[in-house]
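The values are calculated or read from the model by the stated rules, or taken from the named source; none is laboratory data. Just so it is clear, the model here is predicted, and its values are computed rather than measured. Counting neighbours? That spans all protein chains shown, and the Cβs are built from the backbone with ideal geometry, glycine included.
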Amino acid sequence: MPLQIANTTRRALDEARLEKAIHAVLAAEGCSVLAIEAVYCGNRMIRRINREYLQHDYATDTITFSYSEGPGIEGEFYVSLDVVEENARRFGTTFDDELMRVTIHSSLHLAGYEDFSEEERKEMTRREDHYLGLL
């Protein structure tokens, strides 16, 4: 299966909705799924990955690894459900809406978008808002 979703937590997720969002974003960006693993985890796992691969010793909402260039997407991303929950409270939104935003954000990273500069972050947020409106 080209897209695999793994939930390492006890929290129930609407995996079909997440899968639909990932496919919709990538298709709209002119990409196709070759092999993607989407892992929904807790802070302990994402902090370990952040420390091991990016040398950052903290939990974050998502970490994305892209293994391809061009329209055929191979990669993986990790989403901390703990950070999603914290951010939902912080931004005054629902857990489900914040989870969708972070899933879309991760998908955009796989499609080649970055968010290092202020301009890139604004474009990423604009694209996230666009896809949230469609989904």
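Do we have any residue at all in segment 1-17 that's closer than 24 Å to GLU123 by Cα and surrounded by 15 or more Cβ atoms within 10 Å (Cβ to Cβ)? No: segment 1-17 contains no residue that is closer than 24 Å to GLU123 by Cα and surrounded by 15 or more Cβ atoms within 10 Å (Cβ to Cβ). Restricting attention to segment 108-135, the residues that are touching a residue at least 12 places away in the same chain (Cβ under 8 Å), assigned to a helix (DSSP H, G or I) and either aliphatic (A, V, I, L, M) or more than 22 Å from GLY75 (Cα to Cα) (or both) add up to 5. The residues of segment 40-64 that are surrounded by 15 or more Cβ atoms within 10 Å (Cβ to Cβ) and of a type outside the set (Val, Ile, Thr), listed by number, are TYR40, CYS41, GLY42, ASN43, MET45, ARG47, ASN50, ALA59, ASP61.
The condition of being under 21 Å from ALA12 (Cα atoms) and of a type outside the set (Val, Ile, Thr) holds for only one of SER117, SER80, that being SER80.
No other residue among PHE116, PHE91, PHE77, PHE65 is at pLDDT below 95 and aromatic (Phe, Trp, Tyr) apart from PHE116. Scanning segment 45-55 finds no residues that are modelled with pLDDT of 95 or more, under 13 Å from HIS109 (Cα atoms), hydrophobic (A, V, I, L, M, F, W, C) and out of contact with any helix residue (DSSP H, G or I) (no Cβ under 6 Å at 6 or more places or on another chain). Those residues that are surrounded by fewer than 16 Cβ atoms within 10 Å (Cβ to Cβ) and over 23 Å from ARG126 (Cα atoms), I need them from segment 18-36; list them, please. Correct list: LEU34, ALA35. Applying the condition of being among the aromatic types (Phe, Trp, Tyr) and surrounded by 13 or more Cβ atoms within 10 Å (Cβ to Cβ) to segment 85-134 and asking which residue is nearest to ILE63 (Cα to Cα) yields TYR113.
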